[in-house]
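For reference, the structure discussed in these notes is given below.
The values are calculated or read from the model by the stated rules, or taken from the named source; none is laboratory data. The shown structure was predicted, so the numbers you read here are calculated from the model rather than taken from an experiment. Cβ coordinates were reconstructed from backbone atoms using ideal geometry, including for glycine residues, and neighbour counts include every protein chain displayed.
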Amino acid sequence: MSLHATITLSPEVADAKARGLPLVALESTIITHGMPFPQNVETARAVEAEVRAHGAVPATIAVMGGRIHVGLTGETLEALGQAKGVMKLSRADLAACLATGATGATTVAATMICAALAGIEVFATGGIGGVHRGAENSFDISADLLEFALSPVTVVAAGAKAILDLPKTLEVLETQGVPVIAYGQDDFPAFWSRSTGLKAPLRMETPAEIAAAHRLRGSLGLKGGQLVANPIPVEAEIARSEIMPVIEQALTEATAKGIAAKAVTPFLLQRIFELTGGRSLDSNIALVLNNARLAAGIAGALVAQRG
Ligand code: PSU
């Protein structure tokens, strides 16, 4: 596959592609809008190290200087982690950011688009965007959900963030024909906790099964990707009974302040961080590392199955 003209691969990613090594895409909005400095940069580095330790090559994606960068240097990660005014890119604004030469961090949706363009089939993140509570009035539904029906990438996340309306999030994914696969359990996980109390439509036990399903979707001509919902490790979870009142308080504050659209998720994550005395961030870091491990395993299985 020839690369799109706007893509710059890092030497490490270019080498991995040339040698057919397993690759795992990583997003950058989690760095610029999801976590405070310096934990954001430390986490980005640790996630890359975790991917490498599990046999795959990490490819963190961001837009800079009119180009999509797939694979970032340590200095670029550091600069991005402290930059102000970085655009939060989704399907709607990716091309505009490239056209204007602005710096942009890729959300799940934009990372899926860029990963597919670069020929990377597996991507690890924290939690995907979804249907916001009160969507029946606000119509606030993350473009992440629609992307799963379009870009052929398997995304490993710890479910959808519990700040969302999770039943409606699952409904939208089902309507769009997106496979939602809980890893090793029946329940759909809720980001900071292992269970939402909602059953996931599918369950798988091994990276090999997930990789096989990814390949088969492609060979059947089914468009779009898969969502692998990987529960946070037991020792890192915050019990639902503990996190839910905190989420309710953060949501009430967001409504009172008139926070809307792209600002909602970053505001809620920051408030929940403050209200839990930093524990939500520790959990977030643990779940992203856990997702990086599983994604590396799936990427390895995809390569092995190609033979
Ligand atoms: N995972 C995290 N923290 C984050 C995100 C994911 O652990 O901040 C980001 C992703 O980039 C995702 C975005 O696409 O949150 C969802 O934003 P919204 O709800 O505005 O679509």
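Below is a table of values for the structure above.
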| quantity | calculated |
| --- | --- |
| Test result for Gly197, over 21 Å from the mean Cα position of the chain (by Cα) and touching a residue at least 24 places away in the same chain (Cβ under 8 Å) | yes |
| Qualifying positions in segment 243-285 - β-branched (Val, Ile, Thr), farther than 22 Å from Arg194 by Cβ and either modelled with pLDDT of 95 or more or surrounded by fewer than 16 Cβ atoms within 10 Å (Cβ to Cβ) (or both) | Thr252, Thr255 |
| When residues of segment 134-156 are limited to those that are assigned to a helix (DSSP H, G or I) and hydrophobic (A, V, I, L, M, F, W, C), the one nearest to Gly297 (Cα to Cα) | Leu145 |
| Residue in segment 104-112 that is in contact with a helix residue (DSSP H, G or I) (Cβ under 9 Å, 6 or more places away or on another chain) and surrounded by fewer than 24 Cβ atoms within 10 Å (Cβ to Cβ) present | no |
| Candidates Val122, Val86 - the one that is over 30 Å from Pro207 (Cβ atoms), at pLDDT 95 or above, in contact with a helix residue (DSSP H, G or I) (Cβ under 7 Å, 6 or more places away or on another chain) and crowded, with 17+ Cβ neighbours inside 10 Å | Val86 |
| Top-ranked residue of segment 196-242 - restricted to ones that are of a type in the set (Val, Ile, Thr) and surrounded by 16 or more Cβ atoms within 10 Å (Cβ to Cβ), ranked as modelled with the lowest pLDDT | Thr196 |
| Residues of segment 166-194 classified as of a type outside the set (Phe, Trp, Tyr) and within 12 Å of the ligand (Cβ to nearest atom), total | 1 |
| Residue that is farthest from the chain's Cα centre (by Cα) [pool: residues in segment 94-109 that are more than 16 Å from Leu80 (Cα to Cα) and within 8 Å of the ligand (Cβ to nearest atom)] | Ala109 |
| In segment 1-29, the residues that are of a type in the set (A, V, I, L, M) and assigned to a strand (DSSP E or B) | Ile7, Leu9, Leu23, Val24, Ala25, Leu26 |
| Test set (1) within 20 Å of Ile232 (Cα to Cα); (2) more than 16 Å from the ligand (Cβ to nearest atom) - Gly126 fails condition number | (2) |
| Unmet criterion (only one of (1) hydrophobic (A, V, I, L, M, F, W, C); (2) in contact (Cβ under 8 Å) with a residue 40 or more places away in the chain; (3) more than 14 Å from the ligand (Cβ to nearest atom)) for Leu26 | (3) |
| Any hit, segment 143-153, residues being at pLDDT below 95 and either out of contact with any strand residue (DSSP E or B) (no Cβ under 7 Å at 6 or more places or on another chain) or within 10 Å of the ligand (Cβ to nearest atom) (or both) | no |
| Residue that is nearest to Leu21 (Cα to Cα) [pool: residues in segment 65-95 that are of a type in the set (Lys, Arg) and in a strand (DSSP E or B)] | Arg67 |
| Options Ala105, Ala118, Ala135, Ala149: the member that is touching a residue at least 60 places away in the same chain (Cβ under 8 Å), in contact with a Lys or Arg (Cβ under 7 Å, 6 or more places away or on another chain) and over 27 Å from Ala286 (Cβ atoms) | Ala149 |
| Filter result (outside any helix (DSSP H, G or I) and touching a Pro at 6+ places or on another chain (Cβ under 8 Å)) within segment 96-121 | Glu121 |
